[in-house]
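Read-outs: derived from the displayed coordinates by stated rules, not from any lab. Here the structure is a predicted model, which means the values were calculated and not measured. All Cβ positions, glycine included, derive from the backbone under ideal geometry; neighbour counts span all protein chains shown.
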Amino acid sequence: MHPFHYVQTQEPGAGVGQVSGSPQATFLAGGTGLLDLMKLGVQTPQLLVDVRKLPLAQVEELPEGGLRLGALARNSDVANHPLVRERYPALSQALLAGASGQIRNMATVAGNVMQRTRCPYFRDTATACNKRAPGTGCSALEGINRSNAVLGGSDACIATHPSDMCVPLAALDATVRVLGPRGERTVPFTEFHLLPGSTPERETVLEHGELILSVDLPALPAARRSLYMKARDRASYAFALASVAAVLELEAGRVKTARIALGGVGTKPWRATAAEQKLIGQQASPALYEAAATAALEGAQPRAHNGFKVELARRLIVRSLTTLGGKS
């Protein structure tokens, strides 16, 4: 491991100043992802600013009926919070599907949002990876790409975004509240993560030194009828090959509200707006669910080993909608 300096901060503004003042500094919270990458030599910060003492670990009700998830709230606490389970069950289900109990007890909301890809070439410093070392190439394009993305890729990168939690956050229209050197701002969750394009090393809209304060969920009564489904190689502690977060509200047999996001198949948490548009205002039926699922995967670009993800994700969407809305 490369040598580094370590400091603790007890005030958000001070932490922002410490990281923004050093180009090789980064924040440390739960450390469940960062420390692994440091051991592998993938990330080599010169300064770690520990933010675990900041008062950002609460789950709070917002005045208009939404919820504020503090950046340092542990995954276990969020998953088991009664208001999360009641109002946003898909979020609770995603968190419980996301890791072992030990990791959920350490991992934080902000760390999950900032989680980096599990692409094996990104994590192997002996291979070419534009995300890890810009301009070196993408080994996954012609390599073993079973785990890689079929949506949102580019000639520079097809790494999949790994988070379970981020999938329902995309479907639920969450917003990310951040503090930086120029003050506080909010970012719609669907705009927070970036497509790789020609700059896969830039994964989010955050500027260096910006600190996530919270993830805010809007009041969304329809989300009480939501779910998260995940297909993976084994039932315990495995990343998604494909996953779906879905919200479906029917009125007199027609679709009033529909929200769908996909995980395991995109280079970012993937909001399936084309599928939603197929559903809204239509009479619920198996044929409609099939049409929506097909629309969600339009434009998919499978590679040599991951073509199965297209059909897997499509079937998960149909199953999710059928579970929420019934067959007719």
message: Need the C-alpha centroid separation for segment 4-50 versus segment 254-328, integer Å.
response: 38
task: Averaging sequence separations of C-alpha pairs under 8 Å and six or more residues apart, then dividing by the length of the chain, give the relative contact order as a whole percent.
output: 17
- line: R234 and R118 label points (each 7 Å along its Cα→Cβ direction) are spaced in nm at 1.1
- prompt: Given the Cα-Cα distance of Y6 and L194 and 0.36 nm per residue of separation, how much length would full extension add, in nm?
  reply: 64.8 nm
field: Lys pairs, the chain - Cα-Cα below 23 angstrom, 8 or more residues apart or on other chains
entry: 13
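For the chain, what does the helix formula give at 222 nm: sum of -39500 (n - 2.57) over DSSP H segments with n ≥ 4, over the residue count, nearest 500 deg cm²/dmol?
Numbers: 12 runs with 90 residues, N = 328.
Theoretical 222 nm ellipticity from helices: -7000 deg cm²/dmol.
Taking 0.36 nm per residue of separation and subtracting the Cα-Cα distance, what length does fully extending E311 through T186 add?
Numbers: separation 125, 0.36 × 125 = 45.00 nm, distance 3.55 nm.
Gain in length upon complete extension: 41.4 nm.
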- prompt: Scattering from the C-alpha atoms of the chain alone, worked out with Debye: what is log10 I(q)/I(0) at q = 0.08, 0.09, 0.14 1/Å?
  reply: -0.36, -0.46, -1.11
message: If I model segment 281-323 as equal point scatterers sitting on the Cα atoms and use the Debye formula, what is log10 I(q)/I(0) at q = 0.33 Å⁻¹?
response: -1.15
- prompt: Helix 308-325 versus the longest principal axis of the chain: what is the Cα-based angle in degrees, 0 to 90, to the nearest 10?
  reply: 60
- prompt: How big is the antiparallel share of DSSP beta bridges in the chain, given as a percent to the nearest 5?
  reply: 80
Distance (nanometres) between label positions extended 7 Å along Cα→Cβ at E142 and E61: 5.9
- line: Under the 7 Å Cα-to-Cβ spin-label approximation, T273 and A291 lie apart by a distance in nanometres of 2.1
query: Highest mean first, what order results for 3-15, 185-197, 104-116 on Cβ atoms within 10 Å?
result: 104-116, 185-197, 3-15
